[in-house]
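Just below is one structure, and these are the notes that go with it.
The values are calculated or read from the model by the stated rules, or taken from the named source; none is laboratory data. Note that this is a predicted model, so its numbers are computed, not measured. Here the Cβ positions follow ideal geometry from the backbone for every residue, glycine too, while neighbour counts run over all protein chains shown. Quick note on the areas: whole protein, heavy atoms, side chains included, nothing else; ligands and nucleic acids left out. Shrake-Rupley method; radii C 1.70, N 1.55, O 1.52, S 1.80 Å.
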Amino acid sequence: MKKSVRKMITGAVIALLPVVILFVPGTLIFHLIKSSKEAAPLKEKGYYNPVSAGDCCLNVAKLGNEKGEHTIIAMAGLCS
């Protein structure tokens, strides 16, 4: 009984391994393509200002008058 359960589990792992191996790089490529398409309109309109934050970067958009009473800083996080 134990050998058949072990064989079933091994078979399931072997069957799912190619799916996982294809899924992870596929989602990474999809994410990179979508991120670049989302960043293009921001760059065109001047809303793309990447700022380094250690190991990653953030997109910071300043809205409002720089010498005015209020300045709004929005950090979207999209950076490529």
Distance in nm between F23 and I9 label points, each 7 Å along Cα→Cβ, equals 2.0
Reported to the nearest 10 Å², I33 has, with a 1.4 Å probe, an accessible area equal to 80
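With a 1.4 Å probe and all protein chains left in place, how much of the accessible area of region 1-66 comes from carbon and sulfur atoms, in whole percent? Spell out each step's value before the answer.
Working: 4030 of 5820 Å².
Percent of accessible area from carbon and sulfur atoms in region 1-66: 69.
Leaving ligands and nucleic acids out of the surface, order K67, K45 by accessible area at 1.4 Å, largest first. Present the calculation step by step, with values, prior to reporting the outcome.
Working: K67 195, K45 150 Å².
The ranking, largest first, comes out as K67, K45.
What is the sum of charges, Lys and Arg at +1 and Asp and Glu at -1, for the other residues whose Cβ falls under 15 Å from the Cβ of F30? Each step should come with its number before you reach the end.
Details: positive: K34, K37; negative: E38.
Net of charged neighbours comes to +1.
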